[in-house]
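In what follows, a single structure is set out as structure tokens and then discussed.
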Amino acid sequence: MSDCDLFSLATKGVQALSPYQPGKPIDELEREYGVTDVIKLASNENPLGSSAKVVAALQNELAELSRYPDGNGFTLKTALANMHSVAVEQITLGNGSNDILEILTRAFVTPEHEVVFSQHAFAVYPIVTQAVGAKAVVIPAKNWGHDLDAMQKAITDKTRVIFIANPNNPTGTWLEKQELADFLQAVPETVLVVLDEAYFEFAYSDALAKNYPNGIEWLHQYSNLIVTRTFSKAYGLAGLRVGYSVSHAQVADALNRVRQPFNVNSLALKAAEVALNDTEHLEAGIKLNTQGMSQLITTFEDRHLNYIPSVANFICVEIGENAMKVYDDLLYEGIIVRPVANYEMPHFLRITIGTEKENERFILALKKVLTK
Ligand SMILES: Cc1ncc(COP(=O)(O)O)c(C=O)c1O
């Protein structure tokens, strides 16, 4: 074996990165802790699962697995373009929306550039930034959310991309229509603003009350705006990996040159197409989420636990210094939630809203471990 430290050959930015920490998989917990009947409230997945119509449609696709998928994703892109009243040329498909975030950074950002995002923002932003050797400019959060004034002030002539998650993961915080519109107005055209709307469907269901915007409606006004969405959350297709962006056609053209030729597989393309049409399943999931959110908030308030108000399908609750112990105790109860110390939130746990029964089990388990 060689003595060469191969890791030291990686770029400085990559060496400084911490790998993305996914939620603990159910079978890993069963193996390691010897527990059964596990519920996972850790990765913001859809507790109703995938639409039955998707599952049925995929049966027909199985006969075609030996074929490459449609590398242009024509049918899905057309459906998305119709849905959003944009041109097909404005849509880029990704192997999950993470793929888009990565392609975009590779297409537009070099080591000479700076990328601006918020403290406590989604973990993939630093990963894609540092992977291309660019400088990450992390702006301290305001009330757990994005401080748009400070983000605007941080723009220099080196800034190429600004990432904004609305709502943000893991905090669930959101930016209102007017503040975001003012921000977009103030950002120079040469700076790309990526509005990551992975949890759009949940937030938009209460848009009027929360003044939550639909970023796609701003695209005709701001050519430097890129909106990303995903089928992983409200559409219940996380395992298949499919997401997309809507942007100016010239941005999409650049993304299209960088992406891998068949970055979205055939099952994912078909599933997304069918899921888009199953509004009943989508709405059932959103309704369940609203009810589940109230169920958890009621418990937190009863127990005088602080939480961060959220418009997504998860919520961060303040446990205190023993958050990691509570996380671990919950694992022994067969419940996987998400510690967020890697987001500089060591006293919080992030809970994905589950079915009523799953939430109930979590609530009972939480009460039990908190009285230990
Ligand atoms: C804010 C945010 N953006 C993007 C993603 C990426 O999701 P996917 O790659 O599954 O589309 C996630 C997933 O957790 C997220 O929380």
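The values are calculated or read from the model by the stated rules, or taken from the named source; none is laboratory data. These figures come from a predicted structure and were not determined experimentally. Heads up, the Cβs are rebuilt from the backbone with ideal geometry, glycines too, and the neighbour counts pull from every protein chain shown. Heavy atoms of the whole protein, side chains included, go into the accessibility calculation; ligands, DNA and RNA do not. Shrake-Rupley method; radii C 1.70, N 1.55, O 1.52, S 1.80 Å.
Only residues that are touching an Asp or Glu at 6+ places or on another chain (Cβ under 8 Å), small (Gly, Ala, Ser) and open to solvent by 20 Å² or more (accessible area, probe 1.4 Å) were counted in segment 174-228, giving 1. Note on segment 133-188: among residues that are of a type in the set (Ser, Thr, Tyr) and under 24 Å from residue 113 (Cα atoms), the one that is nearest to the ligand (Cβ to nearest atom) is 159. Filtering segment 146-173 to residues that are open to solvent by 10 Å² or more (accessible area, probe 1.4 Å) and either more than 17 Å from residue 200 (Cβ to Cβ) or assigned to a strand (DSSP E or B) (or both) leaves 147, 148, 149, 150, 152, 153, 154, 155, 156, 157, 158, 160.
Is it the case that some residue within segment 54-69 is of a type in the set (Val, Ile, Thr), without any contact (Cβ under 8 Å) to a residue 12 or more places away in the chain and closer than 22 Å to residue 279 by Cβ? There is at least one residue in segment 54-69 that is of a type in the set (Val, Ile, Thr), without any contact (Cβ under 8 Å) to a residue 12 or more places away in the chain and closer than 22 Å to residue 279 by Cβ.
Considering only residues that are hydroxyl-bearing (Ser, Thr, Tyr) and outside any helix (DSSP H, G or I), which ones fall in segment 341-372? Passing the criteria: 352, 355, 371. Pairs meeting the criteria (first residue in segment 347-358 and touching a residue at least 60 places away in the same chain (Cβ under 8 Å), second residue of a type in the set (Phe, Trp, Tyr) and part of a strand (DSSP E or B), beta carbons under 7 Å, at least 6 apart or on different chains) are 350/314; 351/314; 352/314; 353/314. Listed by first and then second residue, the pairs with beta-carbon distance under 8 Å, at least 6 apart or on different chains, first residue in segment 3-24 and free of Cβ contacts under 8 Å to residues at least 60 places away in the same chain, second assigned to a loop (DSSP other than H, G, I, E, B), are 22/43.
Against the numbered list (1) under 27 Å from residue 276 (Cα atoms); (2) out of contact with any strand residue (DSSP E or B) (no Cβ under 7 Å at 6 or more places or on another chain); (3) within 16 Å of the ligand (Cβ to nearest atom), residue 128 comes up short only at (1).
Considering only segment 187-216, state which residues are in a loop (DSSP other than H, G, I, E, B) and among the aromatic types (Phe, Trp, Tyr).
Result: 199, 212.
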